[in-house]
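The values are calculated or read from the model by the stated rules, or taken from the named source; none is laboratory data. What you see is a predicted model; the values in this text were computed from it and never measured. Glycine also receives a Cβ, built like all others from the backbone with ideal geometry; neighbour counts cover every protein chain displayed. We work out accessible area using only protein heavy atoms, side chains counted, and drop any ligands, DNA or RNA first. Shrake-Rupley method; radii C 1.70, N 1.55, O 1.52, S 1.80 Å.
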Amino acid sequence: MPNAPWTLYDVSLKPSLNLSVLKKNSLSTFQKVMMKTDGTVTDLVALYTGDIITVNVLRQQRISELPTFLDLSSGDSVLRRIVLLQGKENNYVYAESLFVFNRLSDYVQQKLVESDSPIGLLWKQEKFECYREILDVTLERNDRVANYFNESDDSEILSRTYAIYTDKRILGIITEKFPISIFK
């Protein structure tokens with residue numbers, strides 16, 4: 001597997017949505033839904049593909065480089081997570097995330113450390129209330145991400161970044177990416 005890229009350190013919490021990406025005639029309706037949904041992507045991918053979706057954790061660690069946009073307090077720690085949403089034979093979504101670890105429930109903390117459960121599913125199981133704000137939607141070329149999908153280095157990759165909030169505090173930020181060639 002290629003080295004996992006990391007791009008979330010330069011994120012701005014001010015939405016810079018350029019929705020012109022979504023107006024491309026080459027995008028399917030489902031691709032547009034994936035870029036704009038504020039729901040659990042794992043469930044959408046499973047529904048669309050008919051595949052059982054699992055999480056392959058590529059990298060997960062507590063980090064000491066603490067991004068200021070997470071509004072951290074003394075004693076807060078940040079969990080960095082890079083995953084692939086996979087079916088039986090295909091990778092569907094590459095995702096990078098940063099979470100303020102101690103703002104997660106004990107249940108979610110334990111499950112993230114001990115299992116490959118998708119965080120959206122964990123929140124759903126505990127009926128956790130949060131909301132997502134989409135910050136950015138882009139079409140890019142990213143050879144490192146393309147390699148996870150057996151795509152050529154110059155393949156177009158759809159990407160969206162969103163912040164997750166609970167009780168008016170940021171809980172984390174996620175960027176999800178997938179090649180424009182899938183979900184057609």
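Computed values, structure above
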item: Gain on full stretching of the segment that runs from Tyr48 to Asn150 - 0.36 nm per residue minus C-alpha separation; result: 34.7 nm
item: Accessible area (Å², 1.4 Å probe, nearest 10) - Arg81; result: 10
item: Potential extension, Phe30-Glu126 segment - 0.36 nm per residue separation minus Cα distance; result: 31.8 nm
item: Test item: Cα-centred dipole of the chain, Lys/Arg +1 and Asp/Glu -1 on Cβ, debye; result: 340
